[in-house]
Amino acid sequence: MADTNDFFQNGSRWLRVDFHLHTRADKEFKYNGEPNSFVKDYIDALKKAEINLGVITNHNKFDKDEYKALCEKAHKENICLLPGVELSVSDGANGIHTLVVFSDEWLKERQDYINQFLNVAFEGKTPVQYENENGRSSLNLIDTIKKLEGYQKEFFLVFAHVEQNNGLWNELNGGRLQELGQNEYFKRWTLGFQKVNTHDERTKVKQWLGDWYPAEVEGSDPKKIDDIGNGKKCFIKLGAFTFDAVKYALVDFENRIKKDCPEYQHSYIQKIMFQGGTLNGKIIHFSPELNTLIGIRGSGKSSIIEVLRYVLEIPFSVDLDPSDKKYKEGDQDYKERLVQFTMGSGGKVIISAINRFGQVYEIHRVAKESHSSVYINGQLSFGISIRETILQKPLYFGQKDLSDTGANFEKKLIEKLLDTQLNDVRKRIEDQKNIVSETITRLQKIENVVEQVAELKQTRADIEHHLTFYTDHGLEEKLQKQLDFDTDIRIIQKGNSLTQNFVSDVREVIANHEDELRNFSKGYQSNQNKALFEQYFSIYEKIISNLDVIKSSNESSAKVTMQLHDKQKEIINIQRGLVDEFAEIERNLAEELKNENTVNISSDEFLKLKTKLAQTVQSLELLSKQGDLKDTVSQELTKKLNTLNELWFEEFQIIQKAINALFDKDSALQVMPLYKEDKKSFGEFLEKIFKGSRIKDVTFKSIVDKYADFIDIYNVIETADQKIFGSNYGVFKEYFMKNLKSLLTYQVPNLFEIKYQGKELKRHSLGQRASALILFLLSQKDSDVIIIDQPEDDLDNQTIYEDVIKMIRNLKPKIQFILATHNPNIPVLGDAEQILACNFEDDKVNIESGSIDKPQQQKTIIDIMEGGKEAFTRRKEIYQSWKH
């Protein structure tokens, strides 16, 4: 039987199948073309109908030579034909048309056991008597099956047009069907009912047959070439053109037989190409479903996994603790070196991927380059997110990631699985923390202002006291003119400073925005909304006009500023012109004071005191206004802290919602997020900040137990029972207020309690923990691609099948899995669509690909994987049980 490698290069695929075909060898089939053209015409008809698998089932007849000629031509068109016969068994009122499908063994080594069987089935009759649709065999159904079994060769039965004349359902009543439903021969070999049309009839038959019911399939039952492909369609998932593959697909019909050809809705990796390194020239094709990399240790499986991670820019485990440093250096550094070794110096890897909308992308990365590049139709494209636009949230877990159960591993696992879902809220949290910090800075400045005001008031009182003595001697009156000039000059200097700063700031704003504003509308032409954009840019020009007005106005203000500076120079010149006058006044005043024996009085000191008093009063006025803002800023900080708290809670709700979506209440695995419940981290941070305060550990514990976080403490620190904060409340408050920014922006971590089968994960064995974590990983419904390197190291085979494989089989039509594994149960019982057998030899990785249907891959699994033969034995047992 044909097995075309290129046709199945991506592993198993969905094909149209026709289980009921007739040919020219059938007396009921009419062909009017040239005899030598029949084979070509027939295969062309199959190709036109897009049928890649067909069963030749002529009425009570099998023509070996015709079958071989058809197969030879079909093989060239990637079409597989199976040998069969439509046998009219001697049961029911009119006989039951039964499609018998034979394995290659029936025609092996130039033998023709099919016609031998037909001679037995129609014993005592000539071909002329039975080679038509009305010819009935000499045997009833069960005896026919027993005769077929006697050949000890593989076959299976499909009952043709079951609701019509000569159909199983139409020919037998309910009691007889109930008997068949209990017959082991019938159930063992019957794999399909063809042409089931009526819902009510199906329901009745299912009730009669009990818990056993085979696949529903279709066949065109053609009487001429133009009939090929007519009627309802049927699709089968195959990874090789073999009888066994077809048989297993029919047994596993819920997953492998469909009425419509399934289309993948998820994004997936199509292939990966290597230029240089240990995989130079290799192209690895992937299935959109389950891919398993197998091979002995050191065969190159992890190399491929790590290169995939590297090119897709998937990071390693997130938020590693300091305690993980050794693990990081020992494991991640090894993986990084493995990538470079695999790609080689200057090596390049290209991943071809398909997004959810069917768009094909190429992702290129050269060894040691900082980032990958994305190409669409050969053109380099920018701004495309690999892990969102191309592949939807791919997950990667390398070796040891799932067995890493160190500090906070639950949190790290949750963080990794949520990936980018928290990006938005976390950005807003960081922004709000900055706002809180700025508000605390303002409040602390105001707190300092209160102290400064007190100091300035004392300074003012001292100056006024000194000036009283000078006032009593009439100095203020005599020096008033000079004092007035000093005051005038200070006012002008203040005004000039304000105007100059204003002009400078406006000029800076214009400089920051002018170029972008003016260049925005230049050169753009809309293809679809030309009129609208003409209107838009017309309105936009008003902004440019306003910019011109502002710019012109500011230049005018700059000229005004120069005029104001001229006035400052003018008053200073006037003051300088009065120097002699002021000097004469001071000389006369000094002489008067001397005559009065008041030598300790100095006009120079008096002027300095008056200047200092004026500055002090000015500062007091300014600071007093700021001091009045204390309550306002304090209230503002409370609001900002409340907003930060709300964002922390919003983040928790996102996490909670994501987790709840993954597990129903009856799931063996339950994950419970606990808001701000990581009291251990809370306490450690508290002790770190208060180090050196000599506050006792018991005090820290009572604080952590009583309060949710530092915001909670801040809200009550002035009113709470001071005993809670230890024997020295003053020390606690001093440290607290000194580190206010660090404390109020500290987020007490959430805890994640993972329970498996009702018990906390940490209380389970290593194997059970690994089982739970894999189940958790496989529950990520938002991830289109899951890449795992050897997840089964700590699992037993029972756990793998009962939990892991069943979930993979259920999810793989919607998620692409790429798993490197040593356990044969994963590819075998997981029914892997693509198996990549790796072998490292002479510094090169060699790869043999094919699905679980491919005989060579089955042999490879048995040869290189411990327990491979047992896995296939169990597979056979499982399939046998499914048939019942």
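Please compute the per residue accessible area over region 480-526 with all protein chains in place, 1.4 Å probe, rounded to a whole number of Å². Can you show the working numbers first?
On the way: 3320 Å² over 47 residues.
It amounts to 71 Å² per residue over region 480-526.
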Notebook entry, point to check: How large, in percent, is the carbon and sulfur part of the accessible surface of region 1-149 at a probe radius of 1.4 Å?
Noted result: 40
Margin query: As a quick test, which of the pairs K368/K812; K854/K876; K195/K247; K68/K282; K195/K271; K68/K187 have an alpha carbon distance above 27 angstrom in this structure?
Written below: K368/K812; K68/K282; K195/K271; K68/K187
Next item on the list: Return, for the Cα atoms of the chain, the radius of gyration and Dmax in Å, separated by a comma.
Entry: 43.8, 164
Checklist line | Distribution of pairwise C-alpha distances over region 176-262, 10 Å bins, in % | finding: 15, 41, 35, 9, 0
Checklist line | Neighbour cut-off at most 15 other Cβ (10 Å), DSSP loop, trypsin sites (Lys or Arg not before Pro), region 357-392 | finding: K368
Checklist line | Mean Cβ count within 10 Å, highest first, over the residues of peptides 750-757, 372-379 | finding: 750-757, 372-379
Checklist line | Computed label-point distance, nm, for sites E684 and K68 using a 7 Å Cα→Cβ extension | finding: 7.7
Next item on the list: Kindly rank 169-176, 284-291 from highest to lowest mean number of other beta carbons found within 10 Å of each residue.
Entry: 284-291, 169-176
Next item on the list: Leaving ligands, DNA and RNA out of it, work out the accessible area of E646 with a 1.4 Å probe and give it in Å² to the nearest 10.
Entry: 100
Margin query: Please report the antiparallel percentage of the DSSP beta bridges confined to the chain, to the nearest 5.
Written below: 60
Margin query: Can you give me the accessible area per residue for region 53-100, using a 1.4 Å probe, in Å²?
Written below: 27
Check: Which order do E455, E555 take by accessible area at a 1.4 Å probe, largest first?
Finding: E455, E555
Checklist line | For C234, distant residues with modelled amide H under 5 Å away | finding: V17
Next item on the list: Please report, in whole Å, how far the alpha carbons of region 74-122 spread along each principal axis, starting with the longest.
Entry: 43, 23, 11
Note to self: With a 1.4 Å probe and all protein chains left in place, how much accessible area per residue does region 674-795 have, in Å²?
What the structure shows: 48
Item checked: Among 35-48, 337-350, the order from most to least packed when residues are scored by Cβ within 10 Å on average -> 337-350, 35-48
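Classify region 92-199 as rounded, prolate or oblate from the Cα gyration tensor: take a ≥ b ≥ c as the square roots of its eigenvalues, call it rounded if a/c is under 1.5, otherwise prolate when a/b beats b/c and oblate if not.
prolate
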Item checked: Values of log10 I(q)/I(0), in the order q = 0.22, 0.23, 0.26 Å⁻¹, for region 648-725 under a Debye, Cα-only, solvent-free model -> -1.01, -1.07, -1.25
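Give me the percent of the accessible area of region 220-265 that comes from carbon and sulfur atoms, probe 1.4 Å, all protein chains in place.
Whole-percent figure for carbon plus sulfur exposure: 44.
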Notebook entry, point to check: Quick one: how many Å² of Y31 are accessible to a 1.4 Å probe, rounded to 10?
Noted result: 40
Item checked: For region 706-741 and region 23-46, distance of Cα centres in Å -> 94
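The values are calculated or read from the model by the stated rules, or taken from the named source; none is laboratory data. Only a predicted model underlies this, so the values are computations on that prediction, with no experimental measurement involved. Neighbour counts are summed over all protein chains in view; Cβ atoms, including those assigned to glycine, are modelled from backbone coordinates with ideal geometry. Accessible surface areas use protein heavy atoms only, side chains included; no ligands, DNA or RNA. Shrake-Rupley method; radii C 1.70, N 1.55, O 1.52, S 1.80 Å.
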